[in-house]
Amino acid sequence: MRIQPRTALRAGCLVVSLWVPVARAEEHMIVTQPNNTFEPSELTIVEGDTVTWTNTGGLHNVRADDDDFRCANGCDGQGGDGDPSTANWSFSLVFSDAGLVPYHCEIHGAPGGVGMSGVVEVMSTPLFADGFESGDLSAWSSTVQ
């Protein structure tokens, strides 16, 4: 019995669509800059990723626009001090909820993207290098004849 090419292709697509990649948390860095900016000022991550802010000079801190966190030498409410500081400080936060997280420096910025500010976009589904979201094969499978 000979297997038809179309049947073999469909079976292969079914196996690929059932494959679920293992999520891997990544670490990202945001650094204060001498020109009173964050670099990068916009960052897209996936739930479970860690973002580390670092100050290498200047009077700065990081405060979420919704007051969810306020950090510099550690974070308020977590045993640290979120007051603006000229010290070389660094702190890390794990983001577990999808959505936009705008933030700013209390000295050089303000909520709403004013001055020294930035935004972390937290996605719930990782985007792979080929641009397809996990399990979404419809864009290429529809072109198979």
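Only the coordinates and a few stated rules stand behind these numbers; no lab work does. Bear in mind that the values here come from a model prediction, so they are computed numbers and not experimental data. Using ideal geometry, Cβ is built from the backbone for each residue, glycine included, and neighbour counts are taken over all protein chains shown.
Centroid-to-centroid, using Cα positions, region 100-114 and region 23-73 are 11 Å apart. Annotation: the residues Asp83, Asp65, sorted from fewest to most other C-beta atoms within 10 Å of their own C-beta, follow the order Asp83, Asp65.
When the trypsin sites (Lys or Arg not before Pro) in region 22-92 are filtered for DSSP coil states and for at most 16 other beta-carbon atoms within 10 Å of their beta-carbon, the remaining sites are Arg24. For region 27-123, dividing the convex hull volume of the Cα atoms by the residue count gives 80 Å³ per residue. By the beta-carbon count within 10 Å of each Cβ, the least crowded to most crowded order of His108, His28, fewest first, is His28, His108.
Between amide H atoms placed 1.01 Å from N, distances below 5 Å from Glu106 occur with Asn61, Arg63, all of them 5 or more places distant or on a separate chain. Near Gly58, no amide H atom lies under 5 Å from its own; only residues 5 or more places off or on other chains count, and H is placed 1.01 Å from N.
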